[in-house]
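S.K.: After the structure tokens below, expect a handful of questions from me.
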Amino acid sequence: MGIMSQMESLNGKDLQPLASIPLGRLRRNATRLHGVCRFNKGVDKRDVNLSPTDVREVALHPESLKSEWLQYAEFLMFHEFLHALGHGGHDSEFRHLEAQWPDKEAKQMGVNFAVHLRKHNAKFTWKCPTCDWQTERSVRSAGRYLCRSCKVKLVDFVLTAN
Ligand SMILES: [Zn+2]
Ligand SMILES: [Zn+2]
């Protein structure tokens with residue numbers, strides 16, 4: 001919030017109500033969602049007059065709150081707060097405001113965080129029996145996937161611990 005109050009692009013916005021938004025955590029095993037801004041029941045996200053009082057909760061992935069990801073979590077929080085400030089979707093104005101976040105490295109951490117979550121939640125390794133290529137996943141491949149180079153079915157191995 002301190003950083004947001006110094007951002008020129010947010011000049012004139014009342015940021016104070018953001019402080020009252022309840023903060024929550026996503027389910028630990030969420031893999032695709034890193035953060036979410038949940039509006040109150042019946043609120044239309046496309047409403048141009050959205051405000052922080054329409055927000056029920058901002059939730060972040062619990063893994064992002066670990067010290068090595070905090071830098072990314074701050075960016076996530078900023079992203080969700082932009083939704084709370086009245087930008088329901090990811091339109092060009094939203095992307096413009098999002099790009100004003102001073103920590104440029106933080107946004108890029110999203111890609112690594114996604115990889116991290118996948119490994120963290122992995123229960124299986126899919127291995128190619130021919131070329132030894134492998135990847136970690138939360139579900140079995142169950143014969144549905146082929147190795148891209150060898151075109152043979154990947155084989156599931158159960159991971160015992162993360
Ligand atoms: Zn968003
Ligand atoms: Zn292969």
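S.K.: Between residues in region 114-138 that are touching a residue at least 40 places away in the same chain (Cβ under 8 Å) and in a helix (DSSP H, G or I) and residues that are surrounded by 15 or more Cβ atoms within 10 Å (Cβ to Cβ) and among the aliphatic types (A, V, I, L, M), which pairs lie under 8 Å by C-beta distance while being six or more apart or on different chains?
M.R.: Going by the 8 Å Cβ cut-off, the qualifying pairs are 117/30.
S.K.: Can you tell me which residue is nearest to residue 97 (Cα to Cα) among those in region 1-40 that are assigned to a helix (DSSP H, G or I), out of contact with any Phe, Trp or Tyr (no Cβ under 9 Å at 6 or more places or on another chain) and not small (Gly, Ala, Ser)?
M.R.: 10
S.K.: Here is a follow-up. Quick check on region 74-114: of everything there that is of a type in the set (Phe, Trp, Tyr) and under 20 Å from residue 48 (Cβ atoms), which residue is farthest from ligand 1 (Cβ to nearest atom)?
M.R.: Step by step, filter region 74-114, then rank; the result is 81.
S.K.: With 80, 105, 93 as the choices, which residue is within 27 Å of residue 7 (Cα to Cα), in contact with a Gly (Cβ under 7 Å, 6 or more places away or on another chain) and in a helix (DSSP H, G or I)?
M.R.: One residue alone meets the criteria, 80.
S.K.: Also, I was wondering about something else. Considering only region 46-73, how many residues are within 15 Å of ligand 1 (Cβ to nearest atom) and under 26 Å from residue 29 (Cα atoms)?
M.R.: Going through region 46-73 one residue at a time, the tally reaches 9.
S.K.: Then there's this: Are any of the residues in region 115-125 surrounded by 14 or more Cβ atoms within 10 Å (Cβ to Cβ) and among the hydroxyl-bearing types (Ser, Thr, Tyr)?
M.R.: Scanning region 115-125 turns up at least one residue that is surrounded by 14 or more Cβ atoms within 10 Å (Cβ to Cβ) and among the hydroxyl-bearing types (Ser, Thr, Tyr).
S.K.: Still on this structure, please answer the following. Could you figure out which of (1) in contact with a Cys (Cβ under 9 Å, 6 or more places away or on another chain); (2) buried (at least 17 other Cβ atoms within 10 Å of the Cβ) isn't true of residue 57?
M.R.: Condition (2) is where residue 57 drops out.
Since every read-out is calculated from the coordinates, none of them should be taken as a lab result. Since the model is a prediction, treat every value here as computed from it, not as a measurement. Virtual Cβ from ideal backbone geometry, glycine too; neighbours counted across all protein chains shown.
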